Every structure is written in structure tokens, then in C-alpha cells.
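Since the structure comes first, as C-alpha cells, the remarks are kept for the end.
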Amino acid sequence: MKNRWWRKILPAVAVWFYTSRFLTGCGPFGDVVLEEDGLEVPSEEEEDLIVVGFSQIGSESVWRTANSASIQNALSRENGFFLEFNNARQKQENQIKAIRGFISQRVDYIVFSPVTEDGWETVLQEAKDAGIPVILVDRKVVVEDESLYTTWIGSDAEEEGVNAGIWLEEYLAKTGREGESINIVVLQGTPGASIQLGRTTGFESVAEKHSNWRILEQKSADFTNAKGEEVMAQFIRKYQDIDVVISQNDDMTFGALKALEANGITTGVNGDVIVISFDAVREALELVAQGIINVDIECNPEQGEYIAAIIRKLENGEPVEKENIVDEQIFTPENVEQYLDTRTY
Ligand code: AHR
């Protein structure tokens with residue numbers, strides 16, 4: 001067990017935090033909110049808990065809410081952790097401020113899900129200089145020096161995109177349409193996010209093998225339901241003959257389905273347009289079962305236990321893999337029924 005000497009000074013840090021907040025109107029870490037209810041410090045009895053500072057991207061999707069819940073459940077006090085949860089509200093600057101706050105607090109581990117791939121070098125170097133291991137979760141960063149983070153846990157986004165392409169290939173062959181010209185529109189996630197880039201590259205790598213597939217347009221709808229509806233409505237106005245909608249998450253799919261329905265366009269197994277979605281949250285799986293969404297490529301948000309297991313290994317001085325890919329599968333009307341009852345999110 002590490003000597004967590006700095007815990008002794010945490011109460012003083014807390015007083016400093018609240019005093020400066022009172023005197024200046026904002027916290028010593030700028031306007032960042034470290035937790036919804038303010039900075040918490042472990043009490044004396046909690047001294048042996050492992051302190052983890054976690055910066056979540058935001059709460060843009062059902063998937064994200066499930067991911068936050070999984071991490072909060074796994075890194076609970078009962079499991080030996082003290083979790084500082086930060087919601088960055090989709091802003092990289094908020095994540096950077098939160099990470100700096102965690103460094104000042106001298107947490108044991110920093111965990112974060114980077115909203116975009118780029119722009120992390122400086123703050124990760126600061127964490128490394130402070131000797132705090134950084135665990136990336138869900139999304140990746142691009143840095144020259146990979147020793148700036150300890151490990152990453154998440155989905156193979158490129159493989160998810162490839163799986164979407166292969167599913168479409170097989171579906172078109174099965175329905176006798178492999179020779180037809182196929183017009184595709186893509187609702188993309190947050191620009192510059194590793195998951196968006198991976199899904200795009202993966203799907204494109206399959207699409208480029210088919211000269212009859214035409215990607216009419218790819219546009220970001222930022223992983224949200226409202227923007228999914230808005231961007232889909234734009235696509236419908238612009239293109240007369242859409243055969244396939246690829247939506248890089250379920251929330252955008254829900255929005256897109258509203259726009260399609262409002263324009264009298266049917267979807268799915270017996271519809272006008274093939275719909276391929278990502279995430280596989282319960283509501284979307286129900287639409288797969290009803291044949292309204294053709295296929296849902298899973299992105300597994302239940303990453304909390306993976307993080308807890310990795311931290312325990314690090315605490316015991318055991319080596320960990322640099323990349324840890326979570327288990328995922330593909331849901332179609334043929335296999336989805338058996339999973340509906342157990343889906344909790
Ligand atoms: O990074 C994971 C993606 O982010 C999920 O597909 C999406 O729903 C979330 O907002």
C-alpha cells in the first residue's frame with residue numbers, strides 16, 4: 001500500500017478551495033466544477049481508499065449515462081475507491097482544467113475519456129511530472145510520447161466500422177441487391193473524437209471495395225438526438241434516393257428516425273431505407289427487434305469493472321496491457337430477442 005502522506009493536508013486544501021471560491025467567486029481551478037456538489041475529500045476513516053479523479057466527456061447520450069453509472073458503481077467506497085467525478089460538458093478545456101485540479105489534489109489515479117484525440121500533450125506531461133498514472137477510458141489520444149498515459153480501455157472503433165460495412169455487404173447479397181447502386185449517408189459523431197474517426201475509417205475501408213456504393217455525404221450530428229434529427233432532415237431535403245443511413249450512435253439514430261418518419265420514409269427490414277446504428281442501448285435493441293433498425297453494432301459502456309481491475313493490478317505492482325479492448329457484439333432481428341431482458345441501459 002502506498003504511503004499516502006498527502007492525505008494529511010487534504011483538509012487544508014479543502015479550506016483553501018472553499019475560501020478562494022468565497023473570495024473570488026470561482027474556485028482555484030477556475031470555473032471548473034470538480035463534482036456536482038463541490039470538492040469532496042476522504043475523511044480520516046477513508047484514508048486508505050484509492051483516490052481517483054475521473055473526467056467524463058458529458059452526458060450527450062444514453063450510452064454516456066450508462067458509462068458514467070458503470071464507472072461510479074465500480075469505483076465505489078465499498079470497493080475501496082474514493083471517486084472525484086467531473087462532468088466536462090463536452091468541452092476539452094473543462095477536461096484539462098479538471099485534470100489540473102486532480103493533479104493539485106494529488107489523486108492516486110487520473111481517469112478520463114478524451115472528447116477529441118488531439119491537444120493533450122501538455123496536461124499529460126504535467127500528470128506524468130507529478131507521478132500520477134493516467135488511465136484513458138472509451139476514447140483515445142494522439143501523443144508522440146505514449147508513456148504520457150499508462151493504459152487505455154475501450155472499444156475497437158475501427159473494427160466496429162468494418163463490422164458495419166461487412167454487415168451491409170452480406171445483407172445486400174442476401175437480399176439480391178449486391179449489383180444495385182447504393183446511396184449512403186452517414187451521421188457522424190463528434191469531429192476529431194477517436195471513436196468517430198475509427199468508425200468512419202473502418203466503414204470506408206469496406207465501402208471503397210464496392211464501386212456501386214456511393215457515400216453521398218458524411219456530416220457530424222455530435223452524437224445527440226436533436227442534431228441527428230436536424231442533420232437527417234437536411235439529408236432528406238438534399239438527396240432524393242437514400243438507400244442506407246449509417247448513424248454512429250443510437251441517440252442520433254433516434255433523431256434520424258423522427259426526421260425520416262416525418263417525411264413518410266419507412267426504415268428497416270421492410271422499409272425504404274436500411275438503418276445501421278452503433279451502441280446497442282436497450283431502446284435501440286427494441287427497434288431492432290421490431291425490424292425498424294436493421295443492425296446495431298455494440299459499443300460496450302460497461303467499462304467500470306475493467307478500470308477497477310487495472311487499478312488493482314497497478315496497486316499490486318503488476319504489469320498492465322497498454323490497450324484493453326472491451327467485449328462487443330452485433331445485434332440483428334435474428335439474435336436480439338435473447339438480450340432484451342438483461343439490458344439494463
Ligand atoms: O465514445 C463512445 C460514443 O460516445 C458512443 O457511441 C456515443 O453514444 C457516445 O456519446
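Within the stretch 61-79, residues that are farther than 20 Å from residue 254 by Cβ and within 14 Å of the ligand (Cβ to nearest atom) reach partners that are among the small types (Gly, Ala, Ser) and part of a helix (DSSP H, G or I) with beta carbons closer than 7 Å, at six or more positions or on different chains, in the pairs 70/304; 71/304.
From the list 117, 126, the one residue that fits, being more than 21 Å from the chain's Cα centre (by Cα), surrounded by fewer than 22 Cβ atoms within 10 Å (Cβ to Cβ) and acidic (Asp, Glu), is 126.
When the stretch 131-169 is filtered for residues that are assigned to a strand (DSSP E or B) and within 15 Å of the ligand (Cβ to nearest atom), the ones remaining, listed by number, are 136, 137, 138, 152, 153, 154.
Given 77, 100, which one is more than 23 Å from the chain's Cα centre (by Cα) and modelled with pLDDT of 95 or more?
Sole residue among the options that is more than 23 Å from the chain's Cα centre (by Cα) and modelled with pLDDT of 95 or more: 77.
Within the span defined as the stretch 111-124, every residue fails to be more than 16 Å from the ligand (Cβ to nearest atom), out of contact with any Phe, Trp or Tyr (no Cβ under 7 Å at 6 or more places or on another chain), farther than 26 Å from residue 196 by Cβ and in a helix (DSSP H, G or I).
Within the stretch 219-234, being more than 16 Å from the ligand (Cβ to nearest atom) and surrounded by fewer than 21 Cβ atoms within 10 Å (Cβ to Cβ) holds for 219, 230, 233, 234. Highlighted here are the strands (runs of 3 or more DSSP E) found entirely within the stretch 253-345 that include at least 3 residues which are within 23 Å of residue 199 (Cβ to Cβ) and touching a helix residue (DSSP H, G or I) at 6+ places or on another chain (Cβ under 7 Å): 274-279, 295-298. Selection of first residues in the stretch 149-160 that are without any contact (Cβ under 8 Å) to a residue 40 or more places away in the chain and of second residues that are within 13 Å of the ligand (Cβ to nearest atom) and aliphatic (A, V, I, L, M), restricted to Cβ pairs under 6 Å at least 6 apart or on distinct chains, gives the following pairs, ordered by first then second residue: 149/136.
For the structure I just gave you, tell me whether residue 186 is within 22 Å of residue 285 (Cβ to Cβ), touching a residue at least 60 places away in the same chain (Cβ under 8 Å) and surrounded by fewer than 24 Cβ atoms within 10 Å (Cβ to Cβ). Walk me through how you get there before you give the answer.
Working: within 22 Å of residue 285 (Cβ to Cβ): yes; touching a residue at least 60 places away in the same chain (Cβ under 8 Å): yes; surrounded by fewer than 24 Cβ atoms within 10 Å (Cβ to Cβ): no.
Answer is no for this residue.
The values are calculated or read from the model by the stated rules, or taken from the named source; none is laboratory data. Remember, it's a predicted structure, so these values are computed and weren't measured experimentally. Virtual Cβ from ideal backbone geometry, glycine too; neighbours counted across all protein chains shown.
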